[in-house]
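Worksheet: the structure to be examined is printed underneath.
Coordinate-derived values only; no laboratory data. Please read all numbers here as calculations on a predicted model, not as lab measurements. All Cβ positions, even for glycine, are placed from backbone atoms using ideal geometry, and neighbour counts span all protein chains on display.
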């Protein structure tokens, strides 16, 4: 070998070593652990009301010592937590990622089903067969796993669909609290049920919670609001033991602060057991889902002692979690973020109590009248297949058989729906798909929330104050309206202290995290990275 070839070989080797060192250095600069906390029902105004009553080591510590964005907006319409969390994790919108709500209308079966239902899966400790296959875009954790295969990703929470969306396609394991009050998962993830979750199922941990009573954490006289179910002795009291409900035994534990405490206990055990944040050259992720919602609450205001108590107890749980992180991984090595999902706007009951105009929209009765109208125009056939979440589904098979134009029936249906008292707008599929580049905020949110695989032929919106009701005249919670602004807080690692009251979007979360982790953007991302670390 000539001297020239030797020199070229040496230079090539040095170059490879340099590139490898730079790559390792980039990963070394990333946080060792990312802990994401999504709180169902969290609102900035609630936090502001009770800020001084919270522990200095919990939510207040995260919000006040890091980067706070109190006005993070969802640029989609509210259709359930599953769509919200998919939007958070992908940095995209249902138009691209495909998750339009908690459920969808299956045109083939003509039935409603979970948007994450997957017959090819098996539940572990649960009858639910769930997967992330209908999530059409990658999440920030998916991108992390592809960039760093050794990264470990876990998701723990109360609601199954929420947790699957937090886990994305590539999580090691996701764990949710089953209605039978045990930790469960799906065979979709290779890791199965984590050791810590299995040990809790086998032990007496759940019994200790089920046989407990939920009563005020503090003296009832110190609460800002009165209890919903007031008692003379403690203020309020809820027995969490199993009770009979027809042929089933149920517990109110999932709708109490005890559910949050169980999530925290499992999270802390997993940090220890899985040695999270202890790898060199790879970042681990722990996603947690909590709730401060009461069962059957009729207002989004912080207007009951029970709801206050849920905040106080969750605050204590998060303080414990932060202490565990500091002891094991170190807060300086951990990037923490907290946010929430969209919450429903005022209920008809609350509006009626305050003499504000309201009304109820019955899809069942409306679809019956719509079908009669279309029969008069196009013949005596079943033209309406179904309705769900403000979407009207026409019988496309019958339209094709009769050799009719689908757009004609869509427009006829939209025109008819506009005649209903509580309907504010009715938009056809064709009109929605042509909305590209629309600047108007409401119309852009309509388009963002629509997906051709799960969307209907016509999408309606209701007047302010109007509420959709089911066949039993009960209010439907997952409607296409709600409070779309949530807090977004970052803390730990290299996060700088700042408060930005300007408008940002929840789709900015995923690109912010991928930028900090030095990994590619999720493949359908529409957000922009926020500047949260010091240069």
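The range 293-331 and the range 165-179 have Cα centres spaced 21 Å apart. Counting other Cβ atoms within 10 Å as a rough exposure proxy, the listed residues 504, 174 run 504, 174 from fewest neighbours to most. Decide, for the range 392-457, between rounded, prolate and oblate: order the square roots of the alpha carbon gyration tensor eigenvalues as a ≥ b ≥ c, take rounded if a/c falls under 1.5, and otherwise choose prolate if a/b is larger than b/c, else oblate. Verdict is oblate for the range 392-457.
This ranking places 154, 105, 453 by how few other beta-carbon atoms lie within 10 Å of each, fewest first, which gives 453, 105, 154.
Annotation: the range 43-164 has a Kirkwood hydrodynamic radius of 17.0 angstrom, from the mean reciprocal C-alpha pair distance. Spatial offset of the range 25-73 relative to the range 510-533 amounts to 18 Å, using the alpha carbon center of each. Over the chain, DSSP H runs of length four or greater, each weighted -39,500 (n - 2.57), average out per residue to a 222 nm ellipticity of -10500 deg cm²/dmol. Going by the alpha-carbon gyration tensor, a ≥ b ≥ c the square roots of its eigenvalues, is the range 359-468 rounded (a/c under 1.5) or, if a/c is not under 1.5, prolate (a/b greater than b/c) versus oblate? Since a/c reaches 1.5 but b/c is at least a/b, the shape of the range 359-468 is classed as oblate. When you restrict to C-alpha pairs under 8 Å that are six or more residues apart and normalise by the size of the chain, the relative contact order lands at 28 percent.
Within the chain, DSSP assigns beta bridges of which about 55% are antiparallel (rounded to the nearest 5). Mean separation of Cα pairs under 8 Å and 6 or more residues apart, divided by the residue count, gives the range 359-468 a relative contact order of 33 percent. With a ≥ b ≥ c taken as the square roots of the eigenvalues of the C-alpha gyration tensor of the range 168-258, please select rounded if a/c is under 1.5 and otherwise prolate if a/b is larger than b/c or oblate if it is not? It is prolate, given that a/c is not under 1.5 and a/b is the larger ratio. Exposure proxy shown here: for 189, 378, 223, the number of other Cβ atoms within 10 Å sets the order, fewest to most, as 378, 223, 189.
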